[in-house]
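Worksheet: the structure to be examined is printed underneath.
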Amino acid sequence: MHPDHELAGVVLIGGKSSRMGFPKALLTYNNALLYQYQAEKLNKICHTVYLSHN
């Protein structure tokens with residue numbers, strides 16, 4: 001359920017990935033891409049969810 005006021009959520013995707021050796025945007029959690037999982041959770045409490053990537 002969304003709150004009465006507008007609330008926006010932001011999921012930061014990826015980054016340089018130089019230490020990991022593969023793109024962080026491809027990390028998975030609970031059989032989904034991590035950023036998709038996070039966006040779904042935020043969508044339950046936010047009116048708008050933004051995905052930020054380079």
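The values are calculated or read from the model by the stated rules, or taken from the named source; none is laboratory data. Owing to the predicted nature of the structure, the values given are computational and were not obtained by experimental measurement. Here the Cβ positions follow ideal geometry from the backbone for every residue, glycine too, while neighbour counts run over all protein chains shown.
List of remarks:
- Hits in segment 16-43 (condition: in a loop (DSSP other than H, G, I, E, B) and either surrounded by 14 or more Cβ atoms within 10 Å (Cβ to Cβ) or within 13 Å of the chain's Cα centre (by Cα) (or both)): LEU27
- Taking the criterion of being free of Cβ contacts under 8 Å to residues at least 24 places away in the same chain and either on the phi > 0 side of the Ramachandran plot or not hydrophobic (A, V, I, L, M, F, W, C) (or both), the residues of segment 29-43 that qualify are TYR29, ASN30, ASN31, GLN36, TYR37, GLU40, LYS41.
- Total residues in segment 6-28, condition at positive phi and at pLDDT 85 or above: 1
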